[in-house]
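Undergrad: Sharing a structure, written as structure tokens. Questions coming.
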């Protein structure tokens with residue numbers, strides 16, 4: 001059995017408290033759930049309902065909707081989306097969402113083929129992908145971090161990694177845990193003379209896209225050999241499907257290493273390493289360091305940007321926005337309307353915000369909310385605006 005590392009011991013009280021807080025919000029009697037307020041920890045609309053001014057939209061605008069929605073895509077935010085959709089069904093009792101975590105690549109494909117009502121991806125669509133779905137609109141929902149997790153039964157302190165070392169491990173240039181490069185980053189830690197069992201994603205994955213984006217930013221060798229890809233041809237190791245597949249493979253394989261979204265490592269009690277950022281600081285992935293990664297960024301008009309390896313002493317270097325893919329002008333309002341109103345709820349309801357933070361996803365930066373609100377207000381179905389302007 002792998003020992004519980006000190007990292008998990010530090011995080012456990014925070015996770016328990018956050019989870020209990022969410023439970024207090026979510027639990028109750030079987031009576032009808034009260035309508036949530038329009039204010040939120042992630043920031044309500046700042047547009048006041050003044051005379052002649054813009055309309056203030058309530059968080060529960062879609063509570064009377066009726067729809068069966070389908071979505072597919074990223075496993076990175078899947079724990080949050082599953083929780084959000086279940087919670088929303090308590091408010092909008094006739095809105096049901098079936099979301100399948102098939103990987104970002106699969107989500108983009110199914111969205112493009114119009115076999116689902118919405119897609120989800122962590123890595124923004126490429127120009128080639130957009131050419132096949134020109135009506136696609138990215139809507140950022142939260143931020144998350146990709147962590148380097150490992151299974152070393154006799155190591156109980158959090159390891160430290162830098163980008164060059166991570167790249168060399170996944171390139172197969174560092175093959176032993178007691179390699180000089182890893183030892184130099186972790187003085188005083190007794191590392192085993194054992195082969196590193198590398199675990200990566202087998203599917204087309206936004207998590208892989210973010211991970212390879214970071215490595216391409218840090219390592220010229222990686223950028224030349226692999227580059228930024230959702231489905232790279234990994235030089236070494238084994239593969240698992242989805243974040244869950246990589247998590248399970250690491251848990252079951254001694255001396256293994258893998259990359260997963262933060263919430264998967266925390267919920268499975270897997271240790272994960274501190275990563276050296278652009279400022280030269282070793283930073284632990286957390287809500288605060290994930291938020292710090294986006295603090296200095298300005299979202300492009302189409303949201304297709306990267307925040308890996310950002311400036312700032314407190315920034316975690318492998319962080320990303322994650323996106324829901326919707327249509328700018330849907331052919332039918334029957335599903336597009338309820339979907340957009342659900343997204344408005346997710347960004348404005350206090351309990352939705354509490355659920356996100358309890359699962360270790362960081363809210364959108366406050367300064368980004370007006371832009372995202374404007375995007376949601378711009379969405380149409382059958383040529384008509386879905387939300388009040």
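The values are calculated or read from the model by the stated rules, or taken from the named source; none is laboratory data. Predicted, not measured: the structure shown is a model, and the values here were computed from it. In this analysis, Cβ positions are derived from the backbone assuming ideal geometry, glycine residues included, and neighbour counts consider all displayed protein chains.
Undergrad: Check off (1) surrounded by 19 or more Cβ atoms within 10 Å (Cβ to Cβ); (2) farther than 19 Å from residue 207 by Cα; (3) modelled with pLDDT of 95 or more for residue 307 and give me the number that stays unchecked.
TA: (2)
Undergrad: Can you name the residue in the range 149-184 that is within 24 Å of residue 289 (Cβ to Cβ) and either outside the structural domain of residue 215 (by TED's automatic domain parsing) or at pLDDT below 95 (or both) and, of all such residues, is surrounded by the fewest Cβ atoms within 10 Å (Cβ to Cβ)?
TA: By that ranking, first place goes to 157.
Undergrad: Something else now. So if I check each of 144, 101, 119, 73, which one is crowded, with 23+ Cβ neighbours inside 10 Å and on the phi > 0 side of the Ramachandran plot?
TA: Numbers: 144 fails: on the phi > 0 side of the Ramachandran plot; 101 fails: on the phi > 0 side of the Ramachandran plot; 119 fails: on the phi > 0 side of the Ramachandran plot.
Answer to the selection: 73.
Undergrad: Within the range 230-243, can you find the residues that are under 14 Å from residue 203 (Cα atoms) and surrounded by fewer than 18 Cβ atoms within 10 Å (Cβ to Cβ)?
TA: 231, 233, 238, 239, 241
Undergrad: Does any residue of the range 76-94 turn out to be touching a residue at least 12 places away in the same chain (Cβ under 8 Å), part of a loop (DSSP other than H, G, I, E, B) and more than 15 Å from the chain's Cα centre (by Cα)? Working first, answer last.
TA: Start the filter on the range 76-94 by keeping residues that are touching a residue at least 12 places away in the same chain (Cβ under 8 Å), which leaves 76-85, 87-88, 90-92, 94.
Now narrow it down to the ones that are part of a loop (DSSP other than H, G, I, E, B): 76-77, 92.
So of that shortlist, the ones also more than 15 Å from the chain's Cα centre (by Cα) come out as 92.
Checking the range 76-94: at least one residue is touching a residue at least 12 places away in the same chain (Cβ under 8 Å), part of a loop (DSSP other than H, G, I, E, B) and more than 15 Å from the chain's Cα centre (by Cα).
Undergrad: Select from the range 95-108 the residues that are part of a helix (DSSP H, G or I) and touching a helix residue (DSSP H, G or I) at 6+ places or on another chain (Cβ under 9 Å) and list them in ascending order.
TA: Correct list: 104, 105, 107, 108.
Undergrad: In the same structural domain as residue 211 (by TED's automatic domain parsing), surrounded by 24 or more Cβ atoms within 10 Å (Cβ to Cβ), modelled with pLDDT of 95 or more and within 23 Å of residue 81 (Cβ to Cβ): does that describe residue 260? Write out each step before concluding.
TA: Numbers: in the same structural domain as residue 211 (by TED's automatic domain parsing): yes; surrounded by 24 or more Cβ atoms within 10 Å (Cβ to Cβ): yes; modelled with pLDDT of 95 or more: yes; within 23 Å of residue 81 (Cβ to Cβ): yes.
So residue 260 fits the description; yes.
Undergrad: Quick one: which residue in 187, 124, 134 is assigned by TED's automatic domain parsing to the domain that holds residue 347, farther than 23 Å from residue 263 by Cα and assigned to a loop (DSSP other than H, G, I, E, B)? Before the answer, list the steps.
TA: Numbers: 187 fails: assigned by TED's automatic domain parsing to the domain that holds residue 347; 124 fails: farther than 23 Å from residue 263 by Cα.
Being assigned by TED's automatic domain parsing to the domain that holds residue 347, farther than 23 Å from residue 263 by Cα and assigned to a loop (DSSP other than H, G, I, E, B) holds for just one of 187, 124, 134, which is 134.
Undergrad: Any residue in the range 322-337 that is touching a helix residue (DSSP H, G or I) at 6+ places or on another chain (Cβ under 6 Å), over 18 Å from residue 378 (Cβ atoms) and either assigned by TED's automatic domain parsing to the domain that holds residue 368 or buried (at least 18 other Cβ atoms within 10 Å of the Cβ) (or both)? I'd like the intermediate steps shown before the answer.
TA: In the first step, residues of the range 322-337 are kept if they are touching a helix residue (DSSP H, G or I) at 6+ places or on another chain (Cβ under 6 Å); the result is 325, 330.
From what is left, the residues that are over 18 Å from residue 378 (Cβ atoms) are none.
No, that holds for no residue.
Undergrad: Moving on. All but one of (1) outside any helix (DSSP H, G or I); (2) closer than 30 Å to residue 378 by Cβ hold for residue 111, so report the exception by its number.
TA: So the condition that residue 111 fails would be (1).
Undergrad: Let me ask something else. Return the only residue of 377, 367 being under 22 Å from residue 81 (Cα atoms) and either modelled with pLDDT under 95 or out of contact with any helix residue (DSSP H, G or I) (no Cβ under 6 Å at 6 or more places or on another chain) (or both). First the steps, then the outcome.
TA: Details: 367 fails: under 22 Å from residue 81 (Cα atoms).
Step by step, each of 377, 367 is checked, and only 377 is under 22 Å from residue 81 (Cα atoms) and either modelled with pLDDT under 95 or out of contact with any helix residue (DSSP H, G or I) (no Cβ under 6 Å at 6 or more places or on another chain) (or both).
Undergrad: Another question, if that's okay. Just one of (1) over 27 Å from the mean Cα position of the chain (by Cα); (2) touching a residue at least 12 places away in the same chain (Cβ under 8 Å) trips up residue 164, so point out which.
TA: (1) is the only condition that residue 164 fails.
Undergrad: From 22, 39, which residue is surrounded by fewer than 19 Cβ atoms within 10 Å (Cβ to Cβ), at pLDDT below 50 and under 26 Å from the mean Cα position of the chain (by Cα)?
TA: Details: 22 fails: surrounded by fewer than 19 Cβ atoms within 10 Å (Cβ to Cβ).
That would be 39, the only listed residue that is surrounded by fewer than 19 Cβ atoms within 10 Å (Cβ to Cβ), at pLDDT below 50 and under 26 Å from the mean Cα position of the chain (by Cα).
Undergrad: When residue 234 is evaluated against the numbered criteria (1) under 19 Å from the mean Cα position of the chain (by Cα); (2) over 30 Å from residue 83 (Cβ atoms), which criterion, by number, is the only one it fails?
TA: Of (1) under 19 Å from the mean Cα position of the chain (by Cα); (2) over 30 Å from residue 83 (Cβ atoms), only one is false for residue 234: (1).
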